[in-house]
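A.B. asks: Sending over a structure as structure tokens; questions will come in a sec.
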Amino acid sequence: MRKDFDVSDCYVQEGKLALPYSYFAGRVGSTFITTLRDQRRILGVRCNTCGKVFVPPRQTCERCMEDIRNNWVTLSNTGEVVNYTVVNYDDRHLPRKAPFILALIRPDGADTPMVHILEGIEGDKVQPGLKVKAVFSEKTTHTILDIDHFEPVA
Amino acid sequence: MNRKVAICAVAQIKNEPDIWYQRFQGMLFDCFESIVQQTGVGFDMEKGIRNVITISDDVFDARTISDNGMTDVVGAHFLGEEKIAQDGLNALGYAMACILSGHDDLILVIGHCKESQAESRNMCTNLAFDPFYCRPVGLDFLNASAFQARAYMARSGVTEAHLAKIVVRSRQNAAKNPYARENPPVTEQEVMASPMLADPIRQLHQYPVTDWAAAMLVCCEERAREFTDTPVWITGFGSCMDSYFLGDRDLAGNFALKNAAERAYARAGITDPKTAFDVVELNDASAYQLPMWAEGVGIADEAGGGAWIDAGGMDRYHVNLSGGMLAGNPVMLGGLARAMEAVLQLQGKAEGRQVEGAKRALAHGTTGPAGQHHAVIILEN
Ligand SMILES: [Zn+2]
């Protein structure tokens, strides 16, 4: 603190932003979320120009600018770990108590990995290339957390 | 770039962990008064500043339109005011464009962030992600960086020992910078023993929570000498936004930074970055980013970050003599801080960290998780 600063009679107000929202998931996102929720299937979309399969799905291939919104492919509920980190701090926005693992997981059949929770293995045992499978949640949250987590294929 | 744009003056308060005793308006006003005092600039519609570009973040300020409560203290009362909610280096690029277009002669760029106001910086950056796929799994800028750090270290030969060296050096350099956050000096052993936050990132690898404000007066070439005898010229600017999803990106590949640097170099006529700069300031929010961004701007060989550190690259290229963002600047202002330091160096005002005879500098800023967006500016005296 600057030494010459007069801090007498200084008041600090405690506050909070807590604002409920309703977010439209988009048409492509809606199909992805409701299929995950109702059928426990992970959907991707394929670009027919470059052949890339994207998950989470999008409307347009960012490289080819092709409209890919209807090119649905069902991805496997298994996949592989591409990258990971053991989250060792606690915070309100985190889905688990520390320590827990976040991983970039590429579902079989997709080209792009997505971030999800990895359970059932110690952090120091995880290696890129680890084969994992989706474990679906009991109760829906209508988000990507309808996959509760991934865990190693036994 | 045929017409030139000058930075005539810079002003800043000291970076501090918690400026609880001053509102952000007061922090900005200190910078504003310094700019007016240094340059005598006015705010009349004929010859004065007609437009102010502010930099702020709604979530960190906990109020939307976070610029609306400060126009009076930044000279924008009843004048033009525009806001950048991105790293402040982009505000400098925007000011340059306003002047090159002929729309304005003079722009005040002024920004603030009080990271300390929020209970959790990571909660704030979690809100940078979409609510469907990324926010629910807890992504924030720290754990997003951890993925990048792992990918980059595997590719570049950068080790935990290198990261420790970077942190120790940052604090040594920051000790010579009167505006830097005052952090206790640390040893490499202390860095390597600091708590692991999201492996491979440890607490001391990550920039500390910081509050700060800063301002710059940007001017057209014709009028620069009205305000300073030591103008610093913007000779190149480039930026690039990478894909949003982490899984879509080559996290260790520097795609966006390479593009941003190439675009800036093309403007500035730079063909060999390894011989081009006397000062390089890189926006290192986390220790692994210093060698990674050094590769991205081409002062280190591709995938050679570890060897570059071993060969003394950080000192040879005068990288982050300010201490870098790693010593402590708030998010949104890491790149602007880099440009401030480059200006001070090129004006010969960098005191104990001055590079004698510095002629040309590179300053870099990044916005978004794991370096999604990059901006590069080339400055010359
Ligand atoms: Zn394509």
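A.B. asks: When Cβ neighbours within 10 Å are restricted to other protein chains, what is their mean count per residue of peptide A:128-141? All intermediate terms of the calculation are to be shown ahead of the outcome.
C.D. replies: Values: counts 3, 0, 0, 0, 0, 0, 0, 0, 0, 0, 0, 0, 0, 1.
What the average comes to for A:128-141 is 0.
A.B. asks: Here's another thing I want to ask about it. Compute the distance in nm between two label points, each set 7 Å from the Cα along the Cα-to-Cβ direction, one at residue B:223 and one at residue B:38.
C.D. replies: 1.8 nm
A.B. asks: Say R0 is 25 Å: what FRET efficiency, to the nearest 0.05, do residue A:21 and residue A:96 get from their beta-carbon distance?
C.D. replies: Working: r = 23 Å, r/R0 = 0.93.
Between residue A:21 and residue A:96 the formula returns 0.60.
A.B. asks: Placing unit charges on C-beta atoms (Lys and Arg positive, Asp and Glu negative, everything else neutral), compute the dipole magnitude of the stretch B:283-381 about its Cα centre in debye, rounded to 20.
C.D. replies: Rounded to the nearest 20 debye, it is 300 debye.
A.B. asks: To the nearest 10 degrees, how steeply does helix A:27-39 sit against the main Cα axis of chain A, on a 0 to 90 scale?
C.D. replies: Between helix and principal axis, roughly 80 degrees.
A.B. asks: Distance cut-off 30 Å, Cα to Cα: go down the list A:125/B:258; A:3/B:349; B:14/B:165; A:3/B:176 and report the pairs above it.
C.D. replies: Values: A:125/B:258 34 Å; A:3/B:349 24 Å; B:14/B:165 25 Å; A:3/B:176 19 Å.
Beyond 30 Å between Cα atoms: A:125/B:258.
A.B. asks: Ok, one more. Place a label point 7 angstrom from the Cα of residue A:41 along the Cα-to-Cβ direction, then list the residues of the stretch A:64-85 whose backbone nitrogen is under 16 Å away.
C.D. replies: Once the point is set 7 Å along Cα→Cβ of residue A:41, A:70-78 turn out to lie under 16 Å by backbone N, inside the stretch A:64-85.
A.B. asks: Tell me the label-point distance for the pair residue A:34, residue B:311, using the 7 Å Cα-to-Cβ offset, in nm and rounded to one decimal.
C.D. replies: Using points 7 Å along Cα→Cβ, the separation is 5.8 nm.
A.B. asks: Counting Lys and Arg as +1 and Asp and Glu as -1, each charge on the Cβ, what is the dipole of the stretch B:1-159 about the Cα centre in debye, to the nearest 20?
C.D. replies: Numbers: 13 positive and 20 negative charges, 120 e Å.
Using only the charged Cβ atoms, the result is roughly 580 debye.
A.B. asks: If you don't mind, there's one more thing I want to ask. Taking a cut-off of 14 Å between Cα atoms, list the aspartates and glutamates near residue A:97, but don't count ones fewer than 8 places away on the same chain.
C.D. replies: A:119
A.B. asks: P(r) of the protein assembly as shown in 10 Å steps, Cα pairs, percent per bin?
C.D. replies: Here the calculated profile for the protein assembly as shown is 4, 18, 28, 25, 17, 7, 1, 0.
A.B. asks: Also: To the nearest 10 degrees, how steeply does helix B:160-174 sit against the main Cα axis of chain B, on a 0 to 90 scale?
C.D. replies: Result, in degrees: 30.
A.B. asks: Which value results for Rg/Rh of the stretch A:1-88 when Rg is the Cα radius of gyration and Rh the Kirkwood radius based on the inverse mean 1/r?
C.D. replies: Numbers: Rg = 23.1 Å, Rh = 17.4 Å.
Rounded to two decimals, Rg/Rh equals 1.33.
A.B. asks: Related question: Quick one: helix B:141-156 against the long Cα principal axis of chain B, what's the angle to the nearest 10°, folded into 0 to 90?
C.D. replies: 60 degrees
A.B. asks: Using a 10 Å cut-off around each Cβ, can you sort B:344, A:19 from fewest to most neighbouring Cβ atoms? Working shown, then result.
C.D. replies: Working: B:344 23, A:19 5.
Starting with the residue having the fewest Cβ neighbours, the order is A:19, B:344.
A.B. asks: While we're here: Using θ = phi - 60° and the Karplus relation 6.51 cos²θ - 1.76 cosθ + 1.60, list the HN-Hα couplings for the stretch B:89-98 in order, rounded to whole Hz, with x at every Gly or Pro.
C.D. replies: 4, 6, 5, 5, x, 5, 4, 4, 5, 4
A.B. asks: A follow-up question, please. For A:92-103, what's the mean count of beta carbons from other chains sitting within 10 Å of each residue's beta carbon? The partial results should precede the final answer.
C.D. replies: Numbers: counts 6, 14, 8, 4, 2, 0, 2, 3, 1, 1, 8, 2.
The mean count of partner-chain Cβ atoms within 10 Å per residue comes to 4.
A.B. asks: While we're looking at this one, here's another question. About the Cα centre of the protein assembly as shown, what is the dipole size in debye to 20, counting +1 per Lys and Arg Cβ and -1 per Asp and Glu Cβ, all else neutral? Don't skip to the answer; put the middle values down first.
C.D. replies: Numbers: 52 positive and 67 negative charges, 218 e Å.
Its charge dipole is roughly 1040 debye.
A.B. asks: Could you tell me the distance between the Cα centroids of the stretch B:1-38 and the stretch B:110-153, to the nearest Å?
C.D. replies: Centre-to-centre (Cα) distance: 26 Å.
A.B. asks: Can you sort A:8, B:156, A:30, B:66 from fewest to most other Cβ atoms within 10 Å of each residue's own Cβ? Don't skip to the end; give the middle numbers.
C.D. replies: Details: A:8 5, B:156 25, A:30 13, B:66 21.
In increasing order of surrounding Cβ atoms, one gets A:8, A:30, B:66, B:156.
A.B. asks: Comparing B:78, B:43, B:32, which has the greatest mean-square fluctuation in the GNM of chain B with Cα pairs linked when under 10 Å apart?
C.D. replies: B:78
A.B. asks: Now a separate question. Cross-link partners among lysines for residue B:47, C-alpha distance below 25 Å, same-chain residues fewer than 8 apart left out?
C.D. replies: The reachable lysines, counting only those whose Cα sits under 25 Å from residue B:47, are B:4, B:83.
A.B. asks: Need one number: % antiparallel among DSSP beta bridges in the stretch A:24-152, to the nearest 5.
C.D. replies: Details: 28 of 29 bridges.
For the stretch A:24-152, the DSSP antiparallel bridge percentage is about 95.
A.B. asks: Do you know the relative contact order of chain B, to the nearest whole percent, from alpha carbon pairs under 8 angstrom that are 6+ apart?
C.D. replies: Details: 868 pairs, mean separation 95.1, N = 381.
RCO, chain B: 25 percent.
A.B. asks: Same structure again: What is the log10 of I(q)/I(0) for chain B, computed with the Debye formula using one identical point scatterer on each Cα and no solvent, at q = 0.07 Å⁻¹?
C.D. replies: -0.27
A.B. asks: Within a Cβ distance under 14 Å of residue B:143, other residues only, what is the Lys/Arg minus Asp/Glu net charge?
C.D. replies: On the way: positive: A:96, B:121, B:135, B:150, B:202; negative: A:90, A:91, B:140, B:199.
With Lys, Arg at +1 and Asp, Glu at -1, the neighbours total +1.
A.B. asks: Which ³J(HN,Hα) values, rounded to whole Hz and listed in residue order, are derived for the stretch B:345-357 from phi using the Karplus coefficients 6.51, -1.76 and 1.60 in 6.51 cos²θ - 1.76 cosθ + 1.60 with θ = phi - 60°, glycine and proline given as x?
C.D. replies: 4, 6, 8, x, 10, 8, 6, x, 10, 5, 8, 4, x
A.B. asks: Multiply the residue gap between residue B:65 and residue B:123 by 0.36 nm, knock off their C-alpha separation, and tell me the result in nm, one decimal place. Intermediate results must be reported in sequence, preceding the final value.
C.D. replies: Values: separation 58, 0.36 × 58 = 20.88 nm, distance 1.97 nm.
Contour length minus Cα-Cα distance gives 18.9 nm.
A.B. asks: What's the long-distance tail for chain A, i.e. % of Cα pairs beyond 27 Å?
C.D. replies: Values: 4440 of 11781 pairs.
Looking at chain A, the distances longer than 27 Å represent 38 percent of pairs.
A.B. asks: Something else about it: Going by amide H atoms built from the backbone, whose H comes under 5 Å of the H on residue B:198, apart from near neighbours?
C.D. replies: It is A:88, by chain and number.
A.B. asks: In whole Hz, what ³J(HN,Hα) sequence does the stretch A:122-135 give by Karplus (6.51, -1.76, 1.60; θ = phi - 60°), x for Gly and Pro?
C.D. replies: 6, x, 7, 9, 6, 9, x, x, 4, 7, 9, 10, 6, 10
A.B. asks: To continue, here is another question. What percent does the relative contact order of the stretch B:284-337 come to when contacts are Cα pairs within less than 8 Å and at least six residues apart? Before the final figure, lay out the partial values.
C.D. replies: On the way: 34 pairs, mean separation 18.6, N = 54.
That works out to 34 percent.
A.B. asks: With no solvent and one equal point scatterer placed on each C-alpha of the stretch B:94-209, evaluate the Debye formula and give log10 I(q)/I(0) for q = 0.16, 0.18, 0.24 Å⁻¹, two decimals.
C.D. replies: Ignoring solvent entirely, the Cα scatterers give -0.96, -1.05, -1.28.
A.B. asks: May I ask which residue of A:78, A:45, A:128 lies farthest towards the positive end of the charge dipole of the stretch A:24-152, with charges of +1 (Lys, Arg) and -1 (Asp, Glu) on Cβ and the Cα centre as origin?
C.D. replies: A:45
A.B. asks: Lys and Arg at +1, Asp and Glu at -1: add these up for the other residues within a Cβ distance under 14 Å of residue B:161 and post the number.
C.D. replies: Working: positive: B:165, B:169, B:202; negative: B:160, B:188, B:190, B:310.
Spelling it out: positives minus negatives among the neighbours equals -1.
A.B. asks: Which value in Å does the Kirkwood hydrodynamic radius of the stretch B:26-178 take, with 1/r averaged over all unlike C-alpha pairs and then inverted?
C.D. replies: One decimal place: 18.6 Å for the Kirkwood radius.
A.B. asks: So for chain B: antiparallel DSSP bridges make up what percent, rounded to the nearest 5? Kindly include the intermediate steps, with their values, before the conclusion.
C.D. replies: Values: 39 of 53 bridges.
Restricted to chain B, the bridges split so that about 75 percent are antiparallel.
A.B. asks: How many partner chain Cβ atoms sit within 10 Å of a residue's Cβ in peptide A:111-122, on average, as a whole number? Can you show the working numbers first?
C.D. replies: Details: counts 2, 6, 5, 7, 13, 3, 3, 0, 0, 0, 0, 0.
The shielding value for this peptide is 3.
A.B. asks: Let me ask something else about it. Between beta-carbons, use under 15 Å as the cut-off and find the net charge around residue B:249, counting Lys and Arg +1, Asp and Glu -1.
C.D. replies: Numbers: positive: A:52, A:58, A:63, A:106, B:150, B:155, B:258; negative: A:62, A:111, B:242, B:248, B:250.
Within the 15 Å Cβ shell, the charges total +2.
Values in this text are rule-based calculations from the coordinates and carry no lab data. Here the structure is a predicted model, which is why all the values come from computation and not from measurement. Using ideal geometry, Cβ is built from the backbone for each residue, glycine included, and neighbour counts are taken over all protein chains shown.
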